[in-house]
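A short worksheet on the structure shown next.
The values are calculated or read from the model by the stated rules, or taken from the named source; none is laboratory data. Just so it is clear, the model here is predicted, and its values are computed rather than measured. Please note: Cβ atoms are built from the backbone with ideal geometry, for glycine as well, and neighbour counts cover all protein chains shown. Areas reflect the complete protein model, heavy atoms only, side chains present, ligands, DNA and RNA absent. Shrake-Rupley method; radii C 1.70, N 1.55, O 1.52, S 1.80 Å.
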Number of protein chains: 2
Amino acid sequence: MKKIFKALDDPTRRKILDLLKDSDLTAGEVADHFDMRKPSVSYHLDLLKQAELVVSVKKGQYVYYSLSTSVLEDIVTWLMGLKDSEAPSSDQAMSD
Amino acid sequence: MKKIFKALDDPTRRKILDLLKDSDLTAGEVADHFDMRKPSVSYHLDLLKQAELVVSVKKGQYVYYSLSTSVLEDIVTWLMGLKDSEAPSSDQAMSD
DNA sequence: TATATATTTAGATAATTATCTAACTATTGA
DNA sequence: TCAATAGTTAGATAATTATCTAAATATATA
């Protein structure tokens, strides 16, 4: 969870996720959407990968990135848990 | 959304939200749950307040904090939007 | 009124993060 | 084989963030 929250706390990374929502993209194609050097975009892609929000597949000289949103389950569950405070509090340590 | 993602990207603040899920607390009571000085906790409470994830009410010399999760709607909607648009590519077809 | 308690504000500092340039690896194709 | 292209890694730096101590504000109470 820690890494996912961190990954989501950045406008560039959130925009990358939105882009990948529409279609898989190479690292270069992702970079084309930003006014930023490629190594910086690579850095953001790496953080998204660490959070397991994206996966990458190398095809020849290209690296394709695509969304992988199964890890969002936990976060959505936690957020919904905040919303109905009357729920039985199975107090697991997601906060750390 | 920016401020909400920022507010959520910290273990102390996430734990504060979990605490407030169970009951409203004064700033001091919140601080008691952490190995951290009161001004630091006050700082975190302020960020949560800026994100409108908590509200505070002063009663005498105490300040009570409570959860205010309506702003989570947007985030949950956005997250679910990412999930829904999964797999535009060569992945497995959905089973019927 | 004076003192204690609860909380926040101000200012300093250490830690973390995002960005850059330069250099490196891997792959393609002439 | 060599040059071009795609992408990442390394190292430096600026910006942001989390923490602390000291001081300020507000309230309660003896």
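Taking a ≥ b ≥ c as the square roots of the eigenvalues of the Cα gyration tensor, the stretch B:27-71 is classed as oblate, since a/c reaches at least 1.5 and a/b does not exceed b/c.
Loop-located trypsin sites (Lys or Arg not before Pro) in the stretch B:28-63 (DSSP state other than H, G, I, E, B) with a sparse environment of at most 11 neighbouring Cβ atoms within 10 Å: B:R37.
A:E73 contributes about 90 Å² of solvent-accessible surface, heavy atoms of the protein only, 1.4 Å probe. Hydrodynamic estimate: the Kirkwood radius of the protein assembly as shown over Cα pairs, inserted into Stokes-Einstein at 4 °C and 1.567 mPa s, corresponds to D of 71 µm²/s.
Let's test the formula: R0 of 22 Å, r as the Cβ-Cβ distance of B:S40 and B:M1. What FRET efficiency results, to the nearest 0.05?
E(calc), rounded to 0.05, equals 0.30.
So what is the relative contact order of chain A, in percent, for Cα pairs below 8 Å that sit 6 or more residues apart? That works out to 31 percent. Measuring heavy-atom accessible area with a 1.4 angstrom probe and counting protein chains only, the residues of the stretch B:1-40 that give up at least 10 Å² relative to the chain alone are B:K2, B:F5, B:K6, B:L8, B:D9, B:P11, B:R14, B:K15, B:L17, B:D18, B:K21, B:D22. Residue farthest toward the positive end of the dipole of the protein assembly as shown, with Cβ of Lys/Arg at +1 and Asp/Glu at -1: which of A:V76, B:S23, A:Q50? Sorting the options by dipole projection puts first A:Q50. Calculated on the Cα set of chain A, radius of gyration then Dmax: 15.6, 53 Å. Using a 7 Å projection from Cα along Cα-to-Cβ, the label point at B:D35 is separated from the same position in the remaining copies by 4.5 nm, smallest value first.
Shielding of A:79-85 by partners, i.e. mean partner chain Cβ atoms within 10 Å per residue?
Values: counts 8, 3, 4, 11, 7, 2, 7.
For this peptide, the per-residue mean of nearby foreign Cβ atoms is 6.
Given charges of +1 on the Cβ of Lys and Arg and -1 on the Cβ of Asp and Glu, with all other atoms neutral, how large is the dipole of the stretch A:2-83 about its Cα centre, in debye to the nearest 20?
Roughly 220 debye for the stretch A:2-83.
Partner shielding of A:58-66 amounts to 1, given as the average count of beta-carbon atoms from other chains within 10 Å of each residue beta-carbon.
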